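Heads up, the thing below is written out as structure tokens.
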Amino acid sequence: MGTFYVTTPIYYVNDAPHIGHAYTTVTADALARWHRLVGDEVFFLTGTDEHGLNVQRRAEANGLSPQEQADRTSERFKDAWSLLNIAYDDFIRTTEPRHHRAVQALLQQVHDSGDIEMSTYEGLYCVSCEAYYGEDELEDGNCPVHKRPAELFKEDNYFFALSRYQQRLLDWYEAHPHAITPESKRNEALGLIRQGLQDLSITRTSLRWGVPVPWDRAHVFYVWYDALVNYLTAIGYGEDDERFNRFWPAVHHLIGKDILRFHCVYWPAMLLAAGLEPPQRIHVHGYLLVGGEKMSKTRLNAIGPADLVADVGVDGFRYHFLRDTPFGPDGDFSYEGLVARYNADLANNLGNLLSRVSTLVGSKCAGIGPAPRPHSPLEAVATEVYEASAQAWDRVAPSEALEATWRLIRETNAHLEAEEPWKAEPGPEVDAVLGDALEALRIVAVLATPAMPAACAEVWRRIGLSGSPSERRLPDAARWGGYPGGLDVQKGKPLFPRIHVD
Ligand code: MSP
């Protein structure tokens, strides 16, 4: 047992939540839920990134003040997360006073150490990325991510002396070989550092919508240096040392590959400059593509979570993204894929097992679920499935964890097919087979609860257990023999009605 601190990127409030944001957030939520099951002290942080030129411009376009724009969009993120059953421990907004205090304290520290100096900067800037680009990085003058022209900006700014940190970063990554996953992304980060690091412009005078620089009020911090600090604010940086030290640096940052440079190069350097340890783990995932392209509002291919939840339900949505988009590479979203996975794994495998077993308990055991056998043929499968699932969750591989868990469902269905209890007379043989199946369902309900909390609670209830699987603790809850027998088993409507697509 330990602590598990997991973060999502904080989302810009210029855009409504789409399934790309949901993908990262559902993954973080599932990991947090898994770690709660194993008894870790969990802190799961998400939130919104509310400053910067992008937000200011979007607010102007909408006829709103930046604060109003931030308030409205931040609510939309909270609504989306509540729809998707996201159990975060804290939702941070960068406009909160606690965050302003943390940003100012951290950067004052770096300034005091002599690593922030004034200088003039001129460069090509993509407002959507809130980042400067070198001319060679642009595609015909367009930002490579947003495909829109970069704008020429010139400013007298404060610079962070990133160039001084090249060797220290390389040494740190050498000493921490598992800090970035997957390996290919670690190599990408090391490549960026080895190319040579230039000092970074970290303040702006061209806008007011930001955190004021404490030593020079004509400037606000550049949105990224304000944003990254959210990970420290929420655990009490500068205000609650005991809490801060409990969670830092043992953090797991989940990020998309578009923000690798900020998290894997700039962020650790800023932390080192402030006398803090870099983040222990950064897990980088690919884009969710729609029709082969990254989803975004500018490309008009954004899909909102509610559109899909209407068809496959919250747990169908969560399961699909966790199971079908392996964490790491890009993943192509398709509606056909969503429905196919739902029908195969949820309507057929899990849904059928539950309805079959509850119907048979009704007809063969007067509705009272029998206990499992102490040495069932399924016991070894359950043990292997638990081991494989646990290892996969630890590796931040939800897709593999769920694949492993579904093996128990498939083998239990196969076991029923082989034993054919529907053909047999009621008696000890039938009780044994059905008791084993109920026990398998109990274990599946625990192991799949991080992915599908509501559906697993319903399986739990239908097989007669009280409380909820999320209150159980692993590994005990996965050990064979936990279903006591003698409980009322309820038949009910299909848990996952089959979806027919025309
Ligand atoms: N505000 C910054 C992050 C600051 S973190 C200190 C930002 N925000 S964002 O809203 O534009 O994107 C945040 C994250 O959303 C991405 O890194 C990624 O994790 C996720 N995604 C946004 N679009 C996505 C896809 N199409 N596919 C997968 N993830 C996507 O960057």
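The values are calculated or read from the model by the stated rules, or taken from the named source; none is laboratory data. From a predicted model like this one, the values you see are computed outputs, not experimental measurements. Using ideal geometry, Cβ is built from the backbone for each residue, glycine included, and neighbour counts are taken over all protein chains shown. Note: areas computed on protein heavy atoms with side chains; ligands, DNA, RNA excluded. Shrake-Rupley method; radii C 1.70, N 1.55, O 1.52, S 1.80 Å.
General observations
- Residue within the range 56-76 that is open to solvent by 30 Å² or more (accessible area, probe 1.4 Å), in contact with a helix residue (DSSP H, G or I) (Cβ under 9 Å, 6 or more places away or on another chain) and within 21 Å of residue 317 (Cα to Cα) present: no
- Of all the listed residues (93, 98), the sole one being of a type in the set (Lys, Arg), modelled with pLDDT of 95 or more and either more than 30 Å from residue 317 (Cβ to Cβ) or open to solvent by less than 40 Å² (accessible area, probe 1.4 Å) (or both) is 98.
- Any hit, the range 20-28, residues being more than 8 Å from the ligand (Cβ to nearest atom), at pLDDT 95 or above and in contact with a Ser or Thr (Cβ under 6 Å, 6 or more places away or on another chain): yes
- Each residue in the range 28-81 was checked for being under 17 Å from the mean Cα position of the chain (by Cα) and closer than 19 Å to residue 9 by Cβ, and 18 of them qualify.
- Filter result (surrounded by fewer than 24 Cβ atoms within 10 Å (Cβ to Cβ) and either free of Cβ contacts under 8 Å to residues at least 24 places away in the same chain or small (Gly, Ala, Ser) (or both)) within the range 33-55: 39
- Where a residue in the range 227-238 is free of Cβ contacts under 8 Å to residues at least 24 places away in the same chain and more than 11 Å from the ligand (Cβ to nearest atom) and its partner, wherever it lies, is open to solvent by 10 Å² or more (accessible area, probe 1.4 Å) and hydrophobic (A, V, I, L, M, F, W, C), with Cβ under 9 Å and at least six apart: 236/244
- Single match in 318, 281, 373 (criterion: over 30 Å from residue 422 (Cβ atoms), among the basic types (Lys, Arg) and open to solvent by 60 Å² or more (accessible area, probe 1.4 Å)): 281
- Whichever residue in the range 446-468 is in a helix (DSSP H, G or I) and either within 21 Å of the chain's Cα centre (by Cα) or basic (Lys, Arg) (or both) and, among such residues, is surrounded by the fewest Cβ atoms within 10 Å (Cβ to Cβ): 454
- Leading residue by the ranking (nearest to the chain's Cα centre (by Cα)) among those in the range 246-272 that are over 24 Å from residue 133 (Cβ atoms) and either open to solvent by less than 10 Å² (accessible area, probe 1.4 Å) or within 12 Å of the ligand (Cβ to nearest atom) (or both): 254
- Considering 293, 242, the condition of being at negative phi, open to solvent by 20 Å² or more (accessible area, probe 1.4 Å) and within 16 Å of the ligand (Cβ to nearest atom) is satisfied by 293 alone.
- If only residues of the range 325-368 that are at pLDDT 95 or above and at positive phi are counted, the one that is most open to solvent (accessible area, probe 1.4 Å) is 366.
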